[in-house]
Amino acid sequence: YRSDQDDLVESIDVGASDTVGVWVRRGAEPVIARFVGDVEALLDPSALRFRARDVITREADDVLSFSIVRDGIEERLATENGAWRSEAPSASSADRIATRDLVRALTSLRAARWVADEETPAMGFAAPRYRVHLTMREPVAPSDESGEEGADAGTPQPTSLELLVGGATDGGAFARRETERSVFVLSTDVLEAISQPLLDRELVALATSSAARITLPVLSSTVVLERSDGGWSSGGRVAAPDATAAFLERLRSLRARRVLGYTDATALSSPQSVVAVEGPGGTRRLEIGGIAGAGAAAQAPAFVSDVGATFALSPDIVDEVASYRP
């Protein structure tokens with residue numbers, strides 16, 4: 001590095017490299033060392049290495065709409081009066097928390113690191129894993145020196161920005177803005193947020209407060225709960241009040257752990273449990289599959305009959321539904 005003081009100047013010579021590593025010597029020292037090959041890339045004097053890591057610097061409130069293309073399916077969202085809604089592939093409410101966090105992450109996006117002045121085929125941009133398109137309001141144009149405002153002054157004009165996400169790499173995935181050639185690494189946490197559909201995770205909840213009849217499996221049989229005189233009965237007997245109230249509240253307050261993906265299927269091929277709730281608006285069926293994974297990663301797929309998406313429920317929810325006895 002450079003310094004006005006000679007005694008603070010260090011020099012490093014980088015020698016030949018091979019599949020094992022690279023030879024390095026400090027100054028005129030007689031000892032040389034072999035480091036892993038990545039060291040050679042770290043000593044590359046490219047100006048890109050010193051570029052500021054800011055990729056997008058906007059305000060979250062500037063975003064009017066955005067879309068994400070995953071596996072050929074485009075998810076489009078727009079905001080109205082501060083609330084986000086999904087417009088495609090299904091029209092429904094968007095998850096408030098997940099959408100807010102993703103918009104904030106995208107509008108203040110920072111590169112984990114810059115890696116190349118131009119993309120290479122190995123980076124995966126020929127068929128991007130994700131394509132993110134943001135439509136934002138442009139700040140109002142200032143008046144000119146004469147004090148006259150331009151024709152569009154006072155009217156925020158929309159502008160757009162597109163982000164391409166390529167293949168995986170250490171610490172995340174390769175990414176670049178469509179209008180730029182430089183490639184950076186998109187961090188794992190932002191990558192994870194982009195990968196998940198943004199449907200409202202409470203769409204799995206069932207409206208038990210207005211239900212007249214609920215059908216569910218209990219052990220090897222089917223139980224039918226019917227509302228009568230303000231209470232619930234099953235098989236001609238009064239259902240256990242406390243257990244039934246807790247069960248109905250659990251169904252009413254369901255929230256999925258995440259949205260696994262959009263799908264045209266309306267039922268699991270072999271659900272482990274099916275809960276049907278009949279009310280004034282018709283019947284909604286919650287179909288729950290078997291628990292897969294272990295520990296914190298354990299989850300069960302779930303469908304609701306009128307929502308074209310797959311949700312993931314936590315094991316404790318599945319256990320609570322399965323353990324109910326009237």
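The values are calculated or read from the model by the stated rules, or taken from the named source; none is laboratory data. The structure presented is a predicted model; accordingly, all values stated were derived computationally and were not measured. Using ideal geometry, Cβ is built from the backbone for each residue, glycine included, and neighbour counts are taken over all protein chains shown. Accessible surface is based on the protein model in full, side chains and every heavy atom, while ligands, DNA and RNA are left aside. Shrake-Rupley method; radii C 1.70, N 1.55, O 1.52, S 1.80 Å.
Ignoring ligands, DNA and RNA, what accessible area per residue does region 87-130 give at 1.4 Å, in Å²?
53 Å²
What stretch of the chain, leaving out the sites themselves, is the longest with no GluC sites (Glu not before Pro) in a DSSP loop having at most 15 other Cβ atoms within 10 Å?
Between exposed loop sites, the widest span is 181-326.
Nearest 500 deg cm²/dmol is fine: what mean residue ellipticity at 222 nm does the chain get from its DSSP H runs of n ≥ 4 alone, each adding -39,500 (n - 2.57), divided by its residue count?
-4000 deg cm²/dmol
Quick check: residue separation of Asp101 and Ser46 times 0.36 nm, minus the Cα distance between them. What number comes out in nm?
Here the segment from Asp101 to Ser46 would lengthen by 16.4 nm.
Per the 1.4 Å probe, what fraction of the accessible area of the chain, in percent, lies on carbon and sulfur atoms?
Of the solvent-accessible surface of the chain, carbon and sulfur hold 50 percent.
What does the accessible area per residue of region 215-260 come to in Å², with a 1.4 Å probe and no ligands, DNA or RNA counted?
Accessible surface, normalised per residue, equals 59 Å².
Once amide H atoms are placed 1.01 Å from N in the peptide plane, what residues at a sequence separation of 5 or more from Trp232, or on another chain, have their amide H within under 5 Å of its amide H?
Under 5 Å from the amide H of Trp232 lie the amide H atoms of Ala239, each far enough along the sequence or on another chain.
From largest accessible area down, sort Asp95, Asp242, Asp200; use a 1.4 Å probe on the protein chains.
Asp242, Asp200, Asp95
What's the longest uninterrupted piece of the chain once you rule out the trypsin sites (Lys or Arg not before Pro) that are loop residues per DSSP with at most 12 other Cβ within 10 Å?
That gives 182-326 as the longest site-free run.
Could you give me the ³J(HN,Hα) list for region 64-77, computed from phi with Karplus coefficients 6.51, -1.76, 1.60 and θ = phi - 60°, whole Hz, x at Gly and Pro?
8, 7, 7, 9, 9, 9, 10, 6, x, 9, 9, 9, 10, 10
Multiply the residue gap between Ile12 and Ser195 by 0.36 nm, knock off their C-alpha separation, and tell me the result in nm, one decimal place.
61.7 nm
Give, in nm to one decimal, the length gained when the segment between Ser221 and Glu80 is fully stretched (0.36 nm per residue of separation minus the Cα-Cα distance).
46.1 nm
Of the candidates Gly308, Gly21, Gly261, which one comes out as most mobile in a Gaussian network treatment of the chain with C-alpha springs shorter than 10 Å?
Gly21
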